[in-house]
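Before any comments, here is the structure.
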Amino acid sequence: MMSTKAVNEALVVLLRALRLSAMSRHFQELAHRAEKENWRFEQYLYQLAEIELEERNKRRIARLLKASQLPEDKTLATLELDKLPAPVRRQLP
């Protein structure tokens, strides 16, 4: 039987191989919390999956913003609506 340390190290390798980097970073800390708060396994797994999804969404948004090459201060609030054609203005929130 593997020790807890060996299992944790092997799990990090497996999660990284599956490209679940957020899970590999957070599973131990979340496992301690789950144990203290008496979570069911499904609750623990749900929280891990939620963290993974949130971090992937953040990375995706950052990647798309970088690829857009827009200035950081460019937002809908700073958009000069009067310079846009009427059909485009109607489509904006």
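The values are calculated or read from the model by the stated rules, or taken from the named source; none is laboratory data. Because the structure is a prediction, the values reported are computed rather than measured. Don't worry about glycine lacking a Cβ; one is built from the backbone with ideal geometry, like all the others, and counts go over all protein chains shown. Just the protein is used for accessible areas: all its heavy atoms, side chains included, with ligands, DNA and RNA removed. Shrake-Rupley method; radii C 1.70, N 1.55, O 1.52, S 1.80 Å.
The condition (being touching a residue at least 24 places away in the same chain (Cβ under 8 Å) and either open to solvent by less than 100 Å² (accessible area, probe 1.4 Å) or part of a helix (DSSP H, G or I) (or both)) is satisfied by just one residue among Leu15, Leu30, Leu48: Leu48.
Considering the conditions (1) surrounded by 13 or more Cβ atoms within 10 Å (Cβ to Cβ); (2) assigned to a helix (DSSP H, G or I); (3) not aliphatic (A, V, I, L, M), Trp39 is excluded by exactly one of them, (2).
For the stretch 65-80, the candidate set comprises residues that are assigned to a helix (DSSP H, G or I) and exposed (fewer than 10 other Cβ atoms within 10 Å of the Cβ); within that set, the residue that is modelled with the highest pLDDT is Ala67.
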